[in-house]
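Note sheet for the following structure.
The values are calculated or read from the model by the stated rules, or taken from the named source; none is laboratory data. Just so we're clear, the structure is a prediction, and the values are computed from it rather than from any experiment. Here the Cβ positions follow ideal geometry from the backbone for every residue, glycine too, while neighbour counts run over all protein chains shown.
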Amino acid sequence: MTERRVKSLMTAVILLAGLVLAMPGAAQDKPDDNAIWTAFISWFKSAPLGGDPFAAYAAKLEKEGVPGTEVERRLTTIARLFSTHPEGIESFYDRTYSQPLTGNPARDRLPSAPSSFLVEAAKGLKPGTALDLGTGQGRNAVYLAGQGWEVTGLDISQAGLDAAAENAAKAGVRIQTMKADYNSYDFGAEQWDLIVMDFAWAPVAEPAFVAKIERSLRPGGIVLFEHFVNKPEDRYAPMVRALEPGALKDYFPGLEILSYDEGEGKADWGGPGSRIVRMLARKKSRTPVPLTW
Ligand SMILES: C[S@@+](CC[C@H](N)C(=O)[O-])C[C@H]1O[C@@H](n2cnc3c(N)ncnc32)[C@H](O)[C@@H]1O
């Protein structure tokens, strides 16, 4: 190659690189995890409250011209990063719960009536000690307390716990509240007759979490679980800790499943057309030590 050709080739490469860098948004086209998370959280802090914040964020990105596949990638990344950023969950829910409920779901855009699955299940249970994980504003904890249960509502969001305590007082019942993160909190040993995980973002795919739950239940104690199942046909899949179809059945080796259902319907937290898994399971009683004589 002549010196002249090498020079013109180099000029072309430099010009091309300059063009790419000058293209608007070139550097942000494929932001990394950290940039995706920071952008979402800073948007969320000043976004209008109410509605589905993930859908609102997707709409914002689309309006800015971000292609659909990239919007999907960012939302999936955000949902995944919530699991590793408890401080993100805390500020997300502190802000979500910062407006008091009016009792009108259309206006509040947050559920205030107890889960109908929980209401039905509780009919068949003798009240005892109950732990409501991710209690939020305490709709289920307050209901159970009204049915004679001794309830502790646990959440990472202080705003949620304050609202739960206020809602309990309004309903004339008592609940204990506990500010804690599932990952670092010890739920105790053989302490609970019922553990509720209702749309609680509970990390049930993690054996260490499951072991803590099983250990903390009394023999014969019940787990009530209700959460989203992934819908691959959904354009965006931002449901945090949504389960794969059928997966929950295998997550709790120490429990026997009493009822298990996966179906489409209206989720208290997700609106119509959601796929939801509902499970009731009981801690297996201790196997008696066999006699050897
Ligand atoms: C979708 S809300 C459900 C609230 C309530 N269970 C209900 O059904 O109304 C999820 C709740 O789980 C709590 N949460 C999520 N991750 C948590 C964690 N790692 N530790 C404690 N609470 C957590 C959130 O703060 C939030 O209040």
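Of the conditions (1) at pLDDT 90 or above; (2) surrounded by fewer than 21 Cβ atoms within 10 Å (Cβ to Cβ); (3) within 18 Å of the chain's Cα centre (by Cα), PRO219 fails just one. Which one is it?
(3)
Condition first: touching a helix residue (DSSP H, G or I) at 6+ places or on another chain (Cβ under 6 Å) and assigned to a helix (DSSP H, G or I). Now tell me which residues in the range 90-103 satisfy that.
The first filter runs over the range 90-103 and keeps only residues touching a helix residue (DSSP H, G or I) at 6+ places or on another chain (Cβ under 6 Å), leaving 93-94, 97-98, 101-102.
Correct list: TYR93, ASP94.
Which residues, counting only those in the range 61-89, are closer than 15 Å to ARG241 by Cα and out of contact with any helix residue (DSSP H, G or I) (no Cβ under 9 Å at 6 or more places or on another chain)? So that I can check it myself, show each step before the final result.
Start the filter on the range 61-89 by keeping residues that are closer than 15 Å to ARG241 by Cα, which leaves 75-86, 88-89.
Correct list: THR76, THR84, PRO86.
Which numbered condition in (1) touching a Ser or Thr at 6+ places or on another chain (Cβ under 7 Å); (2) near the ligand (Cβ under 8 Å from one of its atoms) is the only one that LEU131 fails?
(2)
Applying the selection to the range 180-201, what residues are of a type in the set (Gly, Ala, Ser), within 13 Å of the ligand (Cβ to nearest atom), surrounded by fewer than 21 Cβ atoms within 10 Å (Cβ to Cβ) and modelled with pLDDT of 95 or more?
If we filter the range 180-201 for residues that are of a type in the set (Gly, Ala, Ser), which is where we start, we get 180, 184, 188-189, 200.
From the residues that got through so far, the ones that are within 13 Å of the ligand (Cβ to nearest atom) too are 180, 184, 200.
Still in the list and also surrounded by fewer than 21 Cβ atoms within 10 Å (Cβ to Cβ): 180, 184.
ALA180 - this is the single residue of the range 180-201 that is of a type in the set (Gly, Ala, Ser), within 13 Å of the ligand (Cβ to nearest atom), surrounded by fewer than 21 Cβ atoms within 10 Å (Cβ to Cβ) and modelled with pLDDT of 95 or more.
What tally of residues in the range 242-260 results from selecting those that are surrounded by 12 or more Cβ atoms within 10 Å (Cβ to Cβ), in contact with a helix residue (DSSP H, G or I) (Cβ under 9 Å, 6 or more places away or on another chain) and in a loop (DSSP other than H, G, I, E, B)?
Going through the range 242-260 one residue at a time, the tally reaches 4.
Working only within the range 164-208, note down all residues that are out of contact with any Leu (no Cβ under 7 Å at 6 or more places or on another chain), within 19 Å of SER112 (Cβ to Cβ) and outside any loop (DSSP other than H, G, I, E, B).
Once the filter is applied, which keeps residues that are out of contact with any Leu (no Cβ under 7 Å at 6 or more places or on another chain), within 19 Å of SER112 (Cβ to Cβ) and outside any loop (DSSP other than H, G, I, E, B), the range 164-208 yields ALA164, ALA165, GLU166, ASN167, ALA168, ALA169, LYS170, ALA171.
Take residues that are within 20 Å of the chain's Cα centre (by Cα) and tell me which of the helices (runs of 4 or more DSSP H) falling wholly in the range 104-163 contain 3 or more.
On the way: elements: 105-108, 116-123, 139-146.
Ranges flagged: 116-123, 139-146.
When residues of the range 145-179 are filtered for being polar (S, T, N, Q), within 13 Å of the ligand (Cβ to nearest atom) and touching a helix residue (DSSP H, G or I) at 6+ places or on another chain (Cβ under 7 Å), how many remain? Break it down into steps so the answer makes sense when it comes.
At the first step, the residues of the range 145-179 found to be polar (S, T, N, Q) are 147, 152, 157-158, 167, 176-177.
Next cut, within 13 Å of the ligand (Cβ to nearest atom) only: 152, 157-158, 167, 177.
Still in the list and also touching a helix residue (DSSP H, G or I) at 6+ places or on another chain (Cβ under 7 Å): 157-158, 167, 177.
Residues flagged as polar (S, T, N, Q), within 13 Å of the ligand (Cβ to nearest atom) and touching a helix residue (DSSP H, G or I) at 6+ places or on another chain (Cβ under 7 Å) within the range 145-179 amount to 4.
Within the bounds of the range 261-268, is there any residue that is modelled with pLDDT under 95 and buried (at least 19 other Cβ atoms within 10 Å of the Cβ)? It would help to see each step written out before you state the result.
We begin by selecting, within the range 261-268, every residue modelled with pLDDT under 95; these are 263-268.
Checking the rest, the ones that are also buried (at least 19 other Cβ atoms within 10 Å of the Cβ) come to 267-268.
Yes, the range 261-268 contains a residue that is modelled with pLDDT under 95 and buried (at least 19 other Cβ atoms within 10 Å of the Cβ).
Name the residue, out of ALA113, ALA39, ALA55, ALA59, that is within 14 Å of the ligand (Cβ to nearest atom), surrounded by fewer than 17 Cβ atoms within 10 Å (Cβ to Cβ) and on the phi < 0 side of the Ramachandran plot.
ALA113
Yes or no: the range 227-250 includes at least one residue that is in contact with a Lys or Arg (Cβ under 9 Å, 6 or more places away or on another chain), at pLDDT 95 or above and among the β-branched types (Val, Ile, Thr).
Looking for residues that are in contact with a Lys or Arg (Cβ under 9 Å, 6 or more places away or on another chain), at pLDDT 95 or above and among the β-branched types (Val, Ile, Thr), one finds none in the range 227-250, hence no.
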